[in-house]
Amino acid sequence: MDVNPRSALQRAAGLAVGPIRTLRRTAVPRASRSGGIRTGLPPLTSWVGPLVLAVVVRPGLWATAARQLFILAAPGWWHRRPFLPLPDPAYLHFRLVTQYGDGGHPPDPADLVTYLRWCRALRADQWAEPGPLAGDDRLPF
């Protein structure tokens, strides 16, 4: 019998206390490991082609697209078929529902291009040198 209330709460939350008192996820849904989540997504082959074409014709977005592909890839994607860094189907379904109101709506290539341009601009802003605000013509001291 476990008398430690913290570990009982952790177990109830799907966490297990490891031998060195670290937490690790144990309650991974079976469907997500096998890739069999039914999300109502349209067939992959019906909408991936136009998205890839939209990126291929814009070489300035290639690096951003590759970076985002790996950032959004499902954990352990190399263990499951197809052996491609694709987003988790549940996450993709959530994003489609929030974007279009329907999880079965295929992504629009123009929306992907807009998203990638936003990601590129956001990354450029993060690495930009801090400077005076626009319109601030006061002396720096």
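The values are calculated or read from the model by the stated rules, or taken from the named source; none is laboratory data. As the structure is a prediction and not an experimental result, all values here were calculated from the model. Using ideal geometry, Cβ is built from the backbone for each residue, glycine included, and neighbour counts are taken over all protein chains shown.
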- Message: Take the residues in the range 91-108 that are of a type in the set (A, V, I, L, M, F, W, C) and surrounded by fewer than 17 Cβ atoms within 10 Å (Cβ to Cβ); name whichever of them is nearest to residue 68 (Cα to Cα).
- Response: 94
- Out of 100, 91, report the one residue that is modelled with pLDDT under 90 and either under 19 Å from residue 46 (Cβ atoms) or within 13 Å of the chain's Cα centre (by Cα) (or both). 91
- Item | Residue among 59, 19, 43 that is modelled with pLDDT under 55, exposed (fewer than 11 other Cβ atoms within 10 Å of the Cβ) and not basic (Lys, Arg) | 19
